[in-house]
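What follows is a short report on a single structure.
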Amino acid sequence: MRFYLIAVGERVPQWVAAGYEEFARRLPANTPLRLIEVAASKRGKGVDLRRAVADEGERTLSQIPRGAHVIALDEHGLSWSTSGLAGQIEQWRHLGSDVAFLIGGPDGLAAVCRERADRLWSLSALTLPHALVRVLVAEQLYRATSLIAGHPYHRE
């Protein structure tokens with residue numbers, strides 16, 4: 001099983017890239033995490049933001065690997081504990097499919113992405129910077145797989 005993190009935005013601060021890479025690198029070889037960056041639409045005066053987000057959504061959907069189980073990151077989604085996420089990972093392994101996590105851009109995730117998703121996952125009721133979500137998802141995947149493996153990284 002492979003994880004894919006499909007995120008809108010190609011330029012993130014160095015600390016975001018370093019944080020993401022640190023946790024992606026730690027994941028076990030049998031559950032690698034691959035980042036797929038989708039170009040953000042142009043923003044500025046006179047830009048139709050709804051159209052920009054919709055365009056980002058279409059480009060995001062085009063990057064989902066065939067047969068992947070799709071999880072959209074959305075503030076209105078389900079909230080999982082770390083052990084709950086570990087249980088989800090075990091279920092996805094049982095299904096034998098890859099898992100694609102979708103992260104929207106600065107103006108959110110397109111409705112078509114939420115509609116396509118098999119599940120919506122909320123990391124927090126707080127509004128989080130979209131770039132930071134990359135780090136949080138990578139860390140939580142590492143934490144949950146560590147819990148499954150009995151590694152001491154996760155302490156309850």
Checklist entry - Any idea how far apart A18 and S79 come out in nm if each label point goes 7 Å out from Cα toward Cβ? => result 3.1
Item to check | Antiparallel bridge percentage (DSSP; both residues within segment 1-118; nearest 5) | outcome: 5
Next on the checklist: In whole Hz and in residue order, list the ³J(HN,Hα) couplings for segment 70-81 that follow from phi through the Karplus curve 6.51 cos²θ - 1.76 cosθ + 1.60, θ = phi - 60°; x for Gly and Pro.
Outcome noted: 10, 10, 9, 7, 8, 4, 9, x, 6, 9, 10, 6
Next on the checklist: Cut-off 19 Å, label point 7 angstrom out along Cα-to-Cβ of S122: give me the residues of segment 53-95 whose amide nitrogen falls inside.
Outcome noted: 71-86, 88
Next on the checklist: Can you tell me the length gained on complete extension of the stretch A29 to R2, counting 0.36 nm per residue apart and subtracting the Cα distance?
Outcome noted: 8.8 nm
Checklist entry - Hey, got the dipole for segment 30-156? About the Cα centre, +1 on K and R Cβ, -1 on D and E Cβ, debye to the nearest 20? => result 220
Item to check | Cα centroid separation - segment 12-71 against segment 121-140, whole Å | outcome: 12
Checklist entry - Within the chain, which DSSP H helices have Cα atoms that stretch 24 Å or more along the helix axis and a mean Kyte-Doolittle hydropathy of at least -1.0? => result 130-149
Checklist outcome for this item: Among L61, L102, L78, the residue with the largest mean-square fluctuation in a Gaussian network model of the chain built from Cα contacts under 10 Å is L78
Next on the checklist: For segment 1-129, compute Rg over Rh where Rg is the Cα radius of gyration and Rh is the Kirkwood radius from the inverse mean 1/r over Cα pairs.
Outcome noted: 0.96
Checklist outcome for this item: Non-local residues with an amide H under 5 Å from the amide H of R34, with H modelled 1.01 Å from N and Pro and chain starts lacking one, are F3, Y4, L5
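Read the figures in this text as sums done on the coordinates, not as results from a lab. Owing to the predicted nature of the structure, the values given are computational and were not obtained by experimental measurement. All Cβ positions, glycine included, derive from the backbone under ideal geometry; neighbour counts span all protein chains shown.
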